[in-house]
1. Could you work out how far the C-alpha centroid of region 207-232 sits from that of region 88-122, in angstrom?
2. How large is ³J(HN,Hα), in whole Hz, for each residue of region 92-99 in order, when computed from phi with the Karplus curve 6.51 cos²θ - 1.76 cosθ + 1.60 and θ = phi - 60°, using x for Gly and Pro?
3. Across 5 Å bins from 0, what is the distribution of all Cα-Cα pair distances for the chain, in whole percents?
4. Under a point spin-label approximation (7 Å from Cα along Cα-to-Cβ), what is the residue 81-residue 23 distance to one decimal in nm?
5. In debye, nearest 20: dipole of the chain around its Cα centre with unit charges on the Cβ of K, R (+) and D, E (-)?
6. Rounded, prolate or oblate: pick one for region 1-134, where a ≥ b ≥ c are the square roots of the eigenvalues of its C-alpha gyration tensor, a/c under 1.5 means rounded, and failing that, prolate if a/b is larger than b/c, else oblate.
7. Non-local amide H neighbours of residue 133 (under 5 Å, H modeled in plane, Pro and chain starts lacking H): which ones?
8. Could you order peptides 63-76, 197-210 by the average number of other Cβ atoms within 10 Å of their residues, highest first?
Amino acid sequence: MLPDLSERFDGLERMDRSDCDEAHLYRTLAQFRYVNLVVSRYRYCLKRWIVADMLRDRSSRYHLVDLGAGGCDIPAWLLRHCQRRSLKLRVTAVDSNARTVAWARERYGDIPDLNIVCGSAFEIGDLGDVDYVYANHFLHHLPRIEIVRLLHVIQAVVRRKFLVCDLVRSRFSYVGFSLLAGPLLRDSFAFEDGQISIRRGFTLGEFQHLIDDSDIRGRCQIFQMFPGRLAMVGGSVLGDLPADPN
Ligand SMILES: C[S@@+](CC[C@H](N)C(=O)[O-])C[C@H]1O[C@@H](n2cnc3c(N)ncnc32)[C@H](O)[C@@H]1O
């Protein structure tokens, strides 16, 4: 049955419960890697808005912070991609869940220039100079009031660009995900949390209001992409942003 999607759902995802089953949590992180590959469009977004910016000056060293980095499959890919292009990037991947951080370190801890830390996204100011901030599927974990505060903090810290990608809350997304992912995502929280994530996602208008309330209007643009994706791109180097990539 279709839940009420008129407002953001405020129930917790199962992976966010401190007492959640560890084996299920680890399988969830492993399966999110494939969910990201199929629906997140993270490669497209990072190439378009972050890597393209780095390519303007290949000689500089850059620091990107990935907030709510989860299993770290995305920063691992980004570092490989940048290495192939001789771009000098280091990534700090931040996640507040100690078990998730341990799992990510086990998988990706030996990647040079990837520092996986356990901490709160709100402490980004303690991470030194930050050129880029990235977050995928993280914003919807937070209540609205914290999102507004976080966007404010990001804007204050970031030296070049931030890219925040999240989910559209819509019937299309919910039904599409439920039909396609149901048979595939087993023995984990990925299916149930995926549905909750969409219910905690945003409409285009709500994304716009978040920007207005965070006082970053004029320094930020929003893009809606298939399938059910929203991207918020902002920072201090907005001048040449491309038109809507759809
Ligand atoms: C759905 S996962 C997304 C993981 C990853 N970005 C991806 O796209 O696969 C969201 C992550 O945010 C983390 N998280 C939740 N609240 C946080 C906070 N306040 N600070 C840092 N991480 C947080 C959770 O532990 C979880 O691993």
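1. What the calculation gives is 26 Å, centre to centre.
2. 9, 9, 10, 9, 8, 9, 4, 5
3. 1, 6, 14, 18, 21, 18, 13, 6, 2, 0, 0
4. With each label placed 7 Å out from Cα toward Cβ, I get 3.5 nm.
5. 1020 debye
6. prolate
7. Sorted by chain and number, the residues that satisfy this are 65, 161, 162, 163.
8. 63-76, 197-210
Since every read-out is calculated from the coordinates, none of them should be taken as a lab result. Owing to the predicted nature of the structure, the values given are computational and were not obtained by experimental measurement. As a convention, Cβ positions derive from the backbone with ideal geometry for all residues, glycine included, and neighbour counts pool all protein chains shown.
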